[in-house]
């Protein structure tokens, strides 16, 4: 009987041990399996400027431990768990930033950065402006192609209060002035704003539209067109406006589609401006029941542009739509309300929509 008890005890022990082994294996098996761990990073590749900083993000799948260790073949980085901030070296070349899983160090992913020198481009916004006597004008420098965007400022007259990339100009004497920014990284790169100060007194209050007053006096050397009705708006030779031309649009609502296909010059831009009424209300170009002005070539046929419901379109019908094409430039549009146009088109410009100075893109002014 005693022998039977020993045999039974031994069998129970074996069964318990076997059961515990099965339970132990079922618990640790997923945690110790490393075959499913994968690592990815974002971005995978970029072309960057020397000394520029970039965030690189990591993602680890297949493990509860999502931490990584970062390495870089060049440049500097700040090591953290889910991302790193990497700074390119000051010289050109290729750098590889790698994230390695801490759960499985055989798994990693890399970002490849190509460091290149770029041509510095510098612009002032605005490039041209007409302001009242004793009105202050904010000017901002925009620099591409270098991480050092600092500039120095110079001016031909009046007063200028400059701080870093921004400057505030003011003049109490009517005349034409220039304000120039010069790149600190490359002093051969400059940009100049031409400012015409009129003899008119600045109202010094916001309009009823909560916008800044615009002095719509004609200062260009070209022709001046006075628009006070839709009939006189149709008489403006919109497709052939030239350098120095000014279109003064007086108070009212104009149900028109306008196409501009020509360019001004840096010193003689094409200017289209609104003259507010006595209460400060701006003239409106409305899309409600709008019809095309003569010669605008809206339509679907050859050498036509897609029809829109009102607004002002700046587009060169003679050029294909691609970067570097010779699109209209040096056109100022200000002091107008563009309203009730159902088609909204987003575009990228080198300068605000109110002042088109780049030749890289067409400009479509819609609300």
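The values are calculated or read from the model by the stated rules, or taken from the named source; none is laboratory data. Quick caveat, the model's predicted, so the values are computed rather than measured. Glycine gets a Cβ as well: all are built from the backbone with ideal geometry, and neighbour counts include every protein chain shown.
Quick look at the values:
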read-out: Extreme residue, farthest from the chain's Cα centre (by Cα), among residues of the stretch 109-127 that are buried (at least 17 other Cβ atoms within 10 Å of the Cβ) and more than 30 Å from residue 170 (Cα to Cα); value: 109
read-out: Lone unmet requirement of (1) buried (at least 20 other Cβ atoms within 10 Å of the Cβ); (2) touching a strand residue (DSSP E or B) at 6+ places or on another chain (Cβ under 7 Å); (3) in a loop (DSSP other than H, G, I, E, B) for residue 276; value: (2)
read-out: Condition check for residue 140: in a loop (DSSP other than H, G, I, E, B) and either within 28 Å of residue 248 (Cα to Cα) or touching a helix residue (DSSP H, G or I) at 6+ places or on another chain (Cβ under 8 Å) (or both); value: no
read-out: Total residues in the stretch 278-316, condition touching a helix residue (DSSP H, G or I) at 6+ places or on another chain (Cβ under 9 Å), modelled with pLDDT of 75 or more and over 18 Å from residue 333 (Cβ atoms); value: 2
read-out: Residue 191 being on the phi < 0 side of the Ramachandran plot and at pLDDT 95 or above; value: yes
read-out: Within the stretch 64-75, considering residues that are surrounded by fewer than 17 Cβ atoms within 10 Å (Cβ to Cβ) and not in a loop (DSSP other than H, G, I, E, B), the one farthest from the chain's Cα centre (by Cα); value: 69
read-out: Any pair with Cβ under 8 angstrom, 6 or more apart, that starts in the stretch 152-166 at a residue that is assigned by TED's automatic domain parsing to the domain that holds residue 195 and at pLDDT 95 or above and ends at one that is in a loop (DSSP other than H, G, I, E, B) and surrounded by 13 or more Cβ atoms within 10 Å (Cβ to Cβ); value: 152/184; 157/171; 158/171; 159/171
read-out: Selection count where residues are within 26 Å of the chain's Cα centre (by Cα) and farther than 21 Å from residue 247 by Cβ, scope the stretch 179-221; value: 16
read-out: Tally of residues being part of a strand (DSSP E or B) and over 18 Å from residue 218 (Cα atoms) across the stretch 157-192; value: 19
read-out: Output for the stretch 128-154, where each listed residue is buried (at least 20 other Cβ atoms within 10 Å of the Cβ), more than 19 Å from residue 206 (Cβ to Cβ) and over 17 Å from the mean Cα position of the chain (by Cα); value: 128, 139, 151, 153
read-out: Selection within the stretch 248-270 - free of Cβ contacts under 8 Å to residues at least 60 places away in the same chain and touching a helix residue (DSSP H, G or I) at 6+ places or on another chain (Cβ under 8 Å); value: 254, 255, 256, 258, 259
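For every residue, the table says whether it meets (1) assigned to a loop (DSSP other than H, G, I, E, B); (2) modelled with pLDDT under 95; (3) more than 20 Å from residue 53 (Cβ to Cβ).
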| site | (1), (2), (3) |
| --- | --- |
| 77 | no, yes, no |
| 94 | no, no, no |
| 97 | no, no, no |
| 118 | yes, yes, no |
